[in-house]
Amino acid sequence: MQIDFLQELSASLAGAGIGLLELRGPGVLLRLGCDASHAAPARESGVAIAVPSRASASTALTVNAPSAGVFLHAHPMRSSPLAPIGAQVRAGAPIGLLQIGALLLPVCAPRAAVVTGLRVADGTLVGFGTPLVDLDPLDL
């Protein structure tokens, strides 16, 4: 890919109100966005090419649904997500909510980590064991 194409794509995303686009493949991670504070910037244009996560596949964690329900990134009374991509979370911190009828069951981080991916969209009906959130454990 040419850097000019990536800059044009980043500008188009910003114009559409999309703050971050993440593309993943085997051993490759590409992030394009307006705020590249957690990625290594390629140029000052707002285009960022992120280096692969420091965690190996064996240390990366995926948090799965503890039950069937509707997965929520944020509390219904709030607009900001509990754990957006790039956020550091402590062990036991809620990273999402599982709505089962009127009940909101917190889905918690099993250990201190950085959120590296969201596997399902907000409001998705999930089953037991559905992968929800990817985490990169922190060494504390």
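Just so it is clear, none of the values below were taken in a lab; they were calculated from the coordinates. All of these numbers come straight from a predicted model, not from anything done at the bench. All Cβ positions, glycine included, derive from the backbone under ideal geometry; neighbour counts span all protein chains shown.
Between Leu82 and Ala74, His75, the built amide H atoms are under 5 Å apart, and every one of these is 5 or more places off in sequence or on another chain. Treating r as the C-beta distance of Thr62 and Ala11 and R0 as 41 Å, the FRET efficiency rounds to 0.80.
Between the amide H of Val133 and those of Val63, Arg119, distances stay under 5 Å, these residues lying 5 or more places away or on another chain, with hydrogens modeled in the peptide plane.
When the chain is fully extended, how far beyond the present Cα-Cα distance does Phe128 get from Ala74, taking 0.36 nm per residue of separation? Full extension from Phe128 to Ala74 adds 17.5 nm. With a cap of 10 neighbouring Cβ atoms within 10 Å, and only residues DSSP puts in a loop, list the trypsin sites (Lys or Arg not before Pro) found in region 67-125. When the trypsin sites (Lys or Arg not before Pro) of region 67-125 are filtered for loop state and at most 10 Cβ neighbours within 10 Å, Arg78 remain. Taking 0.36 nm per residue of separation and subtracting the current Cα-Cα distance, fully stretching the chain between Ala93 and Arg119 would add 7.5 nm. On full extension, the segment bounded by Arg111 and Asp136 gains 8.0 nm, given 0.36 nm per residue less the C-alpha separation. Amide H contacts under 5 Å for Ala93: Ala109, restricted to partners 5 or more places along the chain or on a different chain, H placed in the peptide plane at 1.01 Å from N.
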